[in-house]
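The values are calculated or read from the model by the stated rules, or taken from the named source; none is laboratory data. These numbers come from a predicted model, not from an experiment. When we count neighbours, we look across all protein chains shown, and the Cβ atoms used for this are built from the backbone with ideal geometry, even at glycine.
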Amino acid sequence: MATVFLILATAAFAAAVHRVVQQGRAFSVPDIALTRGDRIQFSNEDEFIHQIYVDSTEMSFDSAEQSPGEVVEITFPRSGTFPVRCHIHPKMLLTVHVQ
């Protein structure tokens with residue numbers, strides 16, 4: 001049992017946190033590569049509200065409205081390619097590649 005806990009604890013500490021800025025009605029990068037379990041913190045540095053969503057067969061996420069200055073964090077627990085968009089600004093697209 002202690003071995004399982006140690007493995008889970010090690011995996012939790014191994015996950016990386018990536019920061020993506022929302023500004024000018026765009027994401028700061030068009031695509032990003034992650035390792036399974038990594039997180040992205042979406043920082044709204046725009047003067048507009050945003051609403052982040054992921055809609056794929058492998059993963060679904062839909063945030064509340066994100067006011068300027070707020071941060072939304074998403075964990076990507078599965079491998080695959082995930083389009084991340086903003087409901088309010090549909091031209092915003094970030095492609096997340098998870099290995």
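Quick look at the values:
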{"item": "V21 being in contact (Cβ under 8 Å) with a residue 60 or more places away in the chain and more than 13 Å from I88 (Cβ to Cβ)", "result": "no"}
{"item": "Unmet criterion (only one of (1) of a type outside the set (G, A, S); (2) surrounded by 12 or more Cβ atoms within 10 Å (Cβ to Cβ); (3) within 13 Å of the chain's Cα centre (by Cα); (4) modelled with pLDDT of 95 or more) for H50", "result": "(3)"}
{"item": "Selected residue (criterion: farthest from V96 (Cα to Cα)) from residues of the range 53-65 that are surrounded by 14 or more Cβ atoms within 10 Å (Cβ to Cβ) and at pLDDT 95 or above", "result": "S63"}
{"item": "R25 vs. criteria within 11 Å of the chain's Cα centre (by Cα), among the basic types (K, R), surrounded by fewer than 18 Cβ atoms within 10 Å (Cβ to Cβ) and at pLDDT 95 or above", "result": "no"}
